[in-house]
Structure formats: structure tokens, C-alpha cells
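Notes follow the structure.
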Amino acid sequence: MRCGNSKVGAFTPCSGCGLDPAAYGTDRELQARSMLLSDRYLPGGELEELGRKLRKGEPVTYDAGLLAQITEELRTQKLPILSRTSSGGSVVLWTAVGAALVLAVALLLMWRLRGF
């Protein structure tokens with residue numbers, strides 16, 4: 001969004017300029033611009049062209065309607081998907097806990113059934 005470097009993921013920090021859209025927790029318009037400048041909304045050729053413009057310092061225009069739509073979707077999210085520490089822990093953590101619990105129950109059942 002600032003320097004024109006490409007990156008993987010709309011909310012990952014930029015290795016070129018350091019901009020981290022996820023760190024701007026309440027700036028939904030900045031986050032919406034980051035999403036709009038992703039392959040989710042633009043084909044690769046258009047992204048490359050916009051990156052070239054940004055690197056040269058040329059102005060980049062955004063589709064105002066689409067930008068407003070994405071901003072509103074981000075504002076009305078029920079879960080804090082953009083924050084670094086969501087309440088209740090991360091999905092990865094709870095998935096690992098659930099998998100460990102299922103494995104423990106399966107091992108217990110196998111041990112009990114083997115004993116009969």
C-alpha cells in the first residue's frame with residue numbers, strides 16, 4: 001500500500017516499508033485498502049501495475065464503492081479476526097487442544113477395550 005512491494009496476505013507486515021495493517025486495529029479503511037490490493041479482489045496483472053505505480057510514487061485510485069463495502073464488512077465483524085491476540089486464544093491453539101483431547105480419548109478407549 002505504501003511502497004509497492006508484493007507480499008503474501010493482506011494483513012501481514014510489509015518487508016519493504018514495515019506497514020502492518022493488522023496493527024491498525026480500528027483503522028478499517030486502511031485495512032480495507034490492504035484487502036483491496038490483494039489477489040482476492042484484483043488479478044495479478046492489475047496488482048503488479050498498482051505496485052509499479054506505488055514504487056514510482058504515482059497516485060493510485062481505489063474503487064470507492066468496493067472500498068466502502070470492504071470497510072463496512074470489516075467494521076461489522078463479530079470476531080476480532082484482525083487482532084494479533086483474539087479473546088479466548090487462537091484458532092490454532094484450540095484446534096491443537098481439541099486434537100490432543102480426541103487422541104487422548106481414543107487411546108483411553110483402545111486401552112479399555114483391549115483389557116476386556
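Some values worked out for this structure:
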{"quantity": "Subset of segment 1-46 that is in contact (Cβ under 8 Å) with a residue 40 or more places away in the chain and surrounded by fewer than 13 Cβ atoms within 10 Å (Cβ to Cβ) - its residue that is nearest to the chain's Cα centre (by Cα)", "calculated": "GLY25"}
{"quantity": "Qualifying residue in segment 64-84 (condition: of a type in the set (D, E, K, R), in a loop (DSSP other than H, G, I, E, B) and either in contact with a helix residue (DSSP H, G or I) (Cβ under 7 Å, 6 or more places away or on another chain) or modelled with pLDDT under 90 (or both))", "calculated": "yes"}
{"quantity": "Of all residues in segment 85-116 being under 14 Å from the mean Cα position of the chain (by Cα) and either not hydrophobic (A, V, I, L, M, F, W, C) or not in a helix (DSSP H, G or I) (or both), the one that is modelled with the highest pLDDT", "calculated": "SER90"}
{"quantity": "Some residue of segment 38-60 being among the acidic types (Asp, Glu) and touching a helix residue (DSSP H, G or I) at 6+ places or on another chain (Cβ under 6 Å)", "calculated": "no"}
{"quantity": "One residue from THR76, THR12, THR26, THR61 being in contact with an Asp or Glu (Cβ under 9 Å, 6 or more places away or on another chain) and of a type in the set (S, T, N, Q)", "calculated": "THR12"}
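The values are calculated or read from the model by the stated rules, or taken from the named source; none is laboratory data. Note that the coordinates shown come from a computational prediction; the quantities given were computed from them, not determined experimentally. Quick reminder, even Gly has a Cβ in these numbers, built from the backbone with ideal geometry, and neighbours come from all protein chains shown.
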